[in-house]
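Please treat every number below as a calculation from the coordinates, not as lab data. Just so you know, these numbers come straight off a predicted model, no measurement behind them. All Cβ positions, even for glycine, are placed from backbone atoms using ideal geometry, and neighbour counts span all protein chains on display.
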Amino acid sequence: MLELLRQALIIIGVLAVPFLIASGLTWGERRLLALFQDRYGPNRVGPGGVLQVAADMFKILMKEDWTPPFADRPVFVLAPAIIIIATLSSFAVLTFAPGIAVADLNIGLLFFLAMSSMAVYSVVLAGWASNNKYALLGSLRAVGQMLSYEVFMGLSLMGVVIQAGSFSLGTITRAQQHLWFCVPQVVGFVVFTIAGLAETRRIPFDLPEAESELVAGYHTEYSGLKFAMFFLGEYVGITLIAALVTALFLGGWWGPVLPPLVWFLLKTLVVIAFFILVRAALPRLRFDQLMEFGWKLMLPLSLLNLLVTGAVVLWQEGLRF
Amino acid sequence: MLSILHTIWNVFTHAFHRRVTVRYPEEKRPLPPRWRGRIVLTRDPDGAERCVACQLCSVVCPVGCIALQTTQDETGRRYPAFFRINFSRCIFCGFCEEACPTCAIQLTPDYEMAEYTRPALVYEKEDLLIDGTGKYHDYNYYRVAGLAIGGKDKGEAEHEQPPVDVRGLLP
Ligand code: SF4
Ligand code: SF4
């Protein structure tokens, strides 16, 4: 009974915390961007502006939730739901601290990769169902970008998998007790972070919603609650990638003094802050640059990393016998 | 690649720079005295209205937001019967101030004119007229103009000689 209650609590926590972080990010990101750009950002509503989140939420819920008459209605409604489901369900396989996980699957990483591919569907369907040229262009770009970045996103993780000998995120984090994987797997770390940025469609890679060329890309036609879901989905996605970077490369819950869960949260927030810093610093890539960068630099790099890691691990095993 | 890292680092150091935002309602930027803001109608040093209702400001105004009507009092001084500026149209270009021959209409460094309704932005003469002289402290049109009004005849203005009797033979 107690075990069941504990499990239920964990599930609720895993559902609620990413949402909380994501909605907090709508304010936190603006404040951080402002900090990097010598401004203040939203600081009027409540202490330091935190209630801006509530104000924004209220505003967006009050807006008319308009489905354009030319849109493909069922798909149009379905698309924003998919992105939330796909990103949120990936949190289930994360292990936040010893014993705190919804389901530490032995194929956790594969599950995450599959789910992040599912999120592409949301963008594609949104663009397609909108029946709008800008939305379609946005989703075309999204597909091109996410498919090509997913390739080496998966490959960059394989080094970690080889070293830890498991696809389970819990086991991978446990293997980092003495040395975080960001040291031996520095290439994988960098490649995964970049791929993660592309996966969440954040600024150097925000071509699918490039507002200066495509209005708002794939969610041009969305408003009200559905738009809020896309927005939240993006922030949940950032949280997810940050949590994964933490779990895979930054030693997850390992850390002195503080309790493991706090360490995990802290590291995740630092990674998120880094993502925001990147957004503040870098301009948007051109599409051909994006593709060239992905296929000509990142893919060979991650392949090489995989090769070297495999060789070194084999060599070490050879030494043992 | 290195330049990208450099950029990121550079932007990061900005986190420790002083913020440039002026938090407006609490702190205000000092405005130069010639700042073009809310328009006032000034009075001359004697406390009389400067405006002679010549309509020049109304004519020069590019958006046509000044309306006034000319009248005269019993001493012969011209003054506007009403003087209306629609600030919801005014673009604060300052042309009216330049056109005014009597330095009556002046723009002031005040921009806090927000209202909840549009009609509230239409300022009447009572709202525009101030008690001071504005930017030009000593200027008094009727004291330098050759115009005869009640209490001041021709030739009594500053730097003015009494009129010459052109038909007279005396030197
Ligand atoms: S400032 Fe320009 S726009 Fe405004 S009343 Fe004067 S002339 Fe018209
Ligand atoms: S304010 Fe100046 S320009 Fe306008 S009517 Fe009066 S005297 Fe003429």
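Among the residues of the stretch A:185-222, those that are hydroxyl-bearing (Ser, Thr, Tyr) and more than 18 Å from A:LEU240 (Cβ to Cβ) comprise A:SER212, A:TYR218, A:THR220, A:TYR222. Screening A:LEU258, A:LEU314 for residues that are in a helix (DSSP H, G or I) and of a type in the set (A, V, I, L, M, F, W, C) leaves exactly one candidate, A:LEU314.
If only residues of the stretch B:55-88 that are within 11 Å of ligand 1 (Cβ to nearest atom) and under 17 Å from B:TYR141 (Cα atoms) are counted, the one that is surrounded by the most Cβ atoms within 10 Å (Cβ to Cβ) is B:CYS57. For B:ASP153, the stated conditions do not hold, so it cannot be described as within 30 Å of B:ARG29 (Cα to Cα) and acidic (Asp, Glu). In summary, helices (runs of 4 or more DSSP H) completely within the stretch A:2-107 and bearing 3 or more residues that are under 19 Å from the mean Cα position of the chain (by Cα) and within 14 Å of chain B (Cβ to nearest Cβ) occur at A:2-36.
A single entry from B:VAL52, B:VAL11 fulfils the requirement of being part of a loop (DSSP other than H, G, I, E, B), surrounded by 13 or more Cβ atoms within 10 Å (Cβ to Cβ) and more than 14 Å from ligand 1 (Cβ to nearest atom): B:VAL52. When you scan the stretch B:36-50, do you find a residue that is on the phi > 0 side of the Ramachandran plot and touching a residue at least 24 places away in the same chain (Cβ under 8 Å), even just one? Yes: the stretch B:36-50 contains one or more residues that are on the phi > 0 side of the Ramachandran plot and touching a residue at least 24 places away in the same chain (Cβ under 8 Å). Taking (1) assigned to a loop (DSSP other than H, G, I, E, B); (2) in contact with a helix residue (DSSP H, G or I) (Cβ under 9 Å, 6 or more places away or on another chain); (3) facing chain A (nearest Cβ under 10 Å); (4) not hydrophobic (A, V, I, L, M, F, W, C) in turn, B:PRO25 satisfies each apart from (2). In the stretch B:67-91, of all residues being over 17 Å from B:TYR111 (Cα atoms) and among the charged types (D, E, K, R), the one that is farthest from ligand 2 (Cβ to nearest atom) corresponds to B:GLU74.
So which residues in the stretch B:89-110 are within 13 Å of B:ARG38 (Cα to Cα), of a type outside the set (D, E, K, R) and away from ligand 1 (no atom under 11 Å from the Cβ)? Of everything in the stretch B:89-110, those that are within 13 Å of B:ARG38 (Cα to Cα), of a type outside the set (D, E, K, R) and away from ligand 1 (no atom under 11 Å from the Cβ) turn out to be B:THR108, B:PRO109.
The condition of being within 16 Å of ligand 2 (Cβ to nearest atom) and touching a strand residue (DSSP E or B) at 6+ places or on another chain (Cβ under 6 Å) holds for only one of B:GLY64, B:GLY94, that being B:GLY94.
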